[in-house]
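Peer 1: Quick one: the structure is below, questions incoming.
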């Protein structure tokens with residue numbers, strides 16, 4: 001680990017989980033800010049909504065707030081990016097209702113407008129898809145934000161094609177952390193009672209409000225023992241489809257058939273599908289890790305224990321099993337929420353960004369686990385922006401465009 | 001230098017927390033109102049803010065919360081801001097003496113808080129609403145008035161019937177919430193009464 | 001939240017508030033109160049696109065109160081502490097107070113910062129009050145997602161009100177944990193950005209305050225309160 005801060009526009013910071021990247025970034029916060037107009041250091045963490053100012057109810061005002069001492073050049077660059085990201089449509093919206101990717105762009109651009117000496121982006125960029133990453137990186141690397149050195153700690157650096165420029169990176173290797181986390185590792189095959197059910201969607205239509213159809217006569221057959229990658233732009237309806245299958249939303253029209261029989265998912269929420277959210281904090285309800293991993297539906301107590309032990313061991317949670325999930329770092333909370341979902345033993349799983357914040361070794365483990373589950377009868381639907389993950393986890397591609405699902409096999 | 005930094009950090013934390021606690025008051029109150037339950041449950045944010053940050057911050061949360069509630073949901077909330085001040089003061093005083101240490105103590109604190117809330121709200125109900133608030137309390141007031149032919153006493157009596165239940169429920173919820181939060185998240189909130197209630201070290 | 005087409009200047013808002021309340025307290029003739037309501041208050045709600053909100057107030061706020069009045073004063077007390085005249089007067093006054101407060105505090109998003117700055121909110125108090133008007137959307141949104149998560153984990157079986165109410169405490173814990181985390185991270189971010197300095201100097205587009213509307217409100221508020229004084233001294 002080098003002490004000298006490399007002088008260039010964009011410094012990638014790589015390393016595995018718990019190797020000390022976040023601590024390093026946070027240690028750069030100096031105590032005194034000499035110049036009231038120019039911040040020393042701005043840090044952006046995993047949850048972009050926490051870094052929105054929270055003072056103004058519109059995106060427009062949020063930009064105005066941060067443009068105070070922005071020079072004309074920087075403002076022009078930001079305005080250009082605005083147009084690329086389609087932010088003109090969002091100017092009067094409340095920043096908190098934007099999607100994760102949109103909030104990420106908002107927070108990063110606002111921070112750059114303040115021309116801090118240093119800007120640290122800690123895994124937030126993982127929420128952006130490739131189309132959105134490129135213009136941002138280009139603008140930074142071409143010196144659009146001259147005054148600022150950007151430090152990017154991220155687990156998907158290899159996908160970002162930053163290696164084109166010869167940039168020294170900062171690499172972290174030591175693993176030193178308050179808690180001891182074991183490496184995740186695939187264990188023996190988990191016995192399951194509920195599997196191999198096909199799902200057929202017939203003319204599925206859904207709209208949140210009259211006239212705005214999100215899903216329009218979707219017809220698709222989902223077969224078990226398969227992995228599906230669900231893609232589509234922001235707002236295309238991926239989350240809506242997931243909620244319909246999980247039984248959280250009620251169908252407006254159309255049918256869901258399981259094994260060729262009509263199935264009312266709304267009547268039995270959480271029964272057919274185990275749904276893992278993008279943000280684990282919305283899904284954690286227990287006060288200990290081991291209770292969180294416990295399964296929730298009717299099972300024999302001995303079955304509970306067996307499944308729980310297997311998953312705790314697999315996900316490397318043994319030494320923290322009695323800790324409160326909320327006191328652990330984001331990376332672990334995400335793993336706990338994923339473990340809890342998969343431990344539920346549902347025939348189908350829908351996983352929203354399961355590799356968010358996770359390093360390569362966990363990703364490899366997850367790929368092996370999902371393949372194992374699929375081979376043994378489960379069906380898995382994955383939503384992910386990580387090209388490397390979706391390519392390594394071989395599966396069928398379903399893309400949502402204009403309310404329709406298209407099967408594409410890349 | 002470090003003391004300055006700590007107090008600056010503490011101040012910033014209070015400033016970011018208050019609007020969020022206001023949203024709690026407002027949001028929970030809205031849900032309960034939508035369910036048409038004969039309860040208020042509109043001060044959990046106030047109670048939490050007082051236990052975390054002290055009575056001044058608790059009062060700000062309470063008053064702001066009721067102002068925002070008036071704008072968006074229940075326009076009559078604004079008349080009861082004095083009750084919020086009373087809640088913050090009481091929770092702070094009782095909190096400092098370990099009134100939220102256990103379930104039993106919390107219930108007792110809640111019942112006493114309810115009585116105090118009833119006493120502080122009664123003048124508002126009498127002067128502004130003449131006793132007719134249009135909810136379950138008003139029905140009770142009519143019932144007691146039938147017995148005693150006295151409106152003022154009936155308002156107090158109906159308050160004493162409802163408020164202790166409502167406030168002890170809210171105090172219990174606040175207790176339950178704080179117990180469910182890992183201590184490391186509460187560490188920065190030192191100006192309230194968490195220590196006296198064994199919620200942080 | 002409705003289309004806010006009316007921009008009232010912050011000072012006029014305050015004068016409107018004080019003048020309307022003063023007049024309403026002093027004047028005891030229902031006919032006059034009703035006139036004030038019909039000619040000023042009701043049109044204000046209509047033109048600012050908030051008539052739906054106002055009807056909600058009348059139906060779900062004032063109507064139950066009216067019924068409680070009838071129950072208490074007519075049925076239980078047989079009109080001994082005040083009859084129909086008394087009820088009508090009190091209801092009118094209460095409606096007027098509440099409507100006036102609603103109008104005063106219904107500030108369009110663009111005018112929020114300008115209004116509070118003119119009302120002498122600065123620094124800490126300004127940031128707190130602006131925050132209160134903004135973050136509730138975030139907390140609402142999160143609560144919705146947490147409830148969704150309860151469904152997805154199969155905690156809620158049949159969708160009965162009792163089952164939903166039982167979820168309450170279990171939704172609150174992750175919600176408050178999220179709030180504490182947000183507050184902590186946001187506080188650090190605010191410090192890094194020197195947010196108070198930014199807030200003090202931010203340039204918000206000047207609002208266009210309609211001169212006619214504001215002059216009218218000023219005039220009517222002053223007249224109404226003056227009339228109230230005259231009413232009390234002469235009648």
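The values are calculated or read from the model by the stated rules, or taken from the named source; none is laboratory data. The structure presented is a predicted model; accordingly, all values stated were derived computationally and were not measured. Ideal geometry is used to build each Cβ from the backbone, glycine not excepted, and the neighbour counts take in all protein chains shown.
Peer 1: Can you tell me which condition residue A:239 does not meet? The list is (1) in a helix (DSSP H, G or I); (2) more than 26 Å from residue A:391 (Cα to Cα); (3) out of contact with any helix residue (DSSP H, G or I) (no Cβ under 9 Å at 6 or more places or on another chain), and all the others hold.
Peer 2: If we test residue A:239 against (1) in a helix (DSSP H, G or I); (2) more than 26 Å from residue A:391 (Cα to Cα); (3) out of contact with any helix residue (DSSP H, G or I) (no Cβ under 9 Å at 6 or more places or on another chain), just (2) comes out false.
Peer 1: Go through the residues of the range B:100-111 one by one and say whether even a single one is crowded, with 19+ Cβ neighbours inside 10 Å, in contact (Cβ under 8 Å) with a residue 40 or more places away in the chain and not in a helix (DSSP H, G or I).
Peer 2: yes
Peer 1: Then there is this: Let me confirm something: among A:137, A:151, which residue is farther than 20 Å from residue A:37 by Cβ and assigned to a helix (DSSP H, G or I)?
Peer 2: One residue alone meets the criteria, A:137.
Peer 1: Okay, moving on. Condition first: without any contact (Cβ under 8 Å) to a residue 12 or more places away in the chain and at negative phi. Can you find one or more residues in the range A:338-361 that meet it?
Peer 2: No, the range A:338-361 has no match at all.
Peer 1: In the range A:256-275, what residues are assigned to a strand (DSSP E or B) and surrounded by 12 or more Cβ atoms within 10 Å (Cβ to Cβ)?
Peer 2: Hits for the range A:256-275 are A:256, A:257, A:258, A:273, A:274, A:275.
Peer 1: Quick one: which strands (runs of 3 or more DSSP E) sit completely within the range A:338-410 and have at least 1 residues that are surrounded by fewer than 17 Cβ atoms within 10 Å (Cβ to Cβ)?
Peer 2: Answer list for the range A:338-410: A:396-401, A:404-408.
Peer 1: Looking only at the range C:180-190, how many residues end up being facing chain B (nearest Cβ under 8 Å) and either surrounded by fewer than 20 Cβ atoms within 10 Å (Cβ to Cβ) or touching a helix residue (DSSP H, G or I) at 6+ places or on another chain (Cβ under 6 Å) (or both)?
Peer 2: Qualifying residue count for the region: 7.
One line per residue, one yes/no per condition, for (1) over 30 Å from residue C:9 (Cα atoms); (2) facing chain B (nearest Cβ under 8 Å):
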position: C:48; (1), (2): no, no
position: C:69; (1), (2): yes, yes
position: C:74; (1), (2): yes, no
position: C:83; (1), (2): yes, no
position: C:87; (1), (2): yes, no
position: C:91; (1), (2): no, no
position: C:98; (1), (2): no, yes
position: C:104; (1), (2): no, no
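Peer 1: Also: What is the one condition in (1) exposed (fewer than 14 other Cβ atoms within 10 Å of the Cβ); (2) at pLDDT below 90; (3) within 12 Å of chain B (Cβ to nearest Cβ) that residue C:52 does not satisfy?
Peer 2: (3)
Peer 1: Moving on. Looking only at the range B:14-29, filter to residues that are under 20 Å from residue B:164 (Cα atoms) and within 11 Å of chain C (Cβ to nearest Cβ); which one of those is modelled with the lowest pLDDT?
Peer 2: The residue in question is B:28.
Peer 1: On to the next question. Just to be sure, is residue B:11 facing chain C (nearest Cβ under 8 Å) and either at pLDDT below 90 or surrounded by fewer than 24 Cβ atoms within 10 Å (Cβ to Cβ) (or both)?
Peer 2: In short, yes.
Peer 1: Oh, and also: I need the full set of residues from the range C:168-179 which are facing chain B (nearest Cβ under 7 Å), more than 15 Å from residue A:48 (Cα to Cα) and surrounded by 21 or more Cβ atoms within 10 Å (Cβ to Cβ), in order please.
Peer 2: C:172, C:173, C:176, C:177
Peer 1: Also, I was wondering about something else. Restricting attention to the range C:148-167, report how many residues are in a helix (DSSP H, G or I) and within 9 Å of chain A (Cβ to nearest Cβ).
Peer 2: 5
Peer 1: Which count do you get for residues in the range B:168-201 that are within 13 Å of another protein chain (Cβ to nearest Cβ), without any contact (Cβ under 8 Å) to a residue 40 or more places away in the chain and in a helix (DSSP H, G or I)?
Peer 2: 5
Each row is one residue, and each column tells you yes or no for (1) facing chain C (nearest Cβ under 9 Å); (2) closer than 30 Å to residue B:195 by Cβ.
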| position | (1), (2) |
| --- | --- |
| B:44 | yes, yes |
| B:57 | no, yes |
| B:72 | yes, no |
| B:77 | no, no |
| B:81 | no, yes |
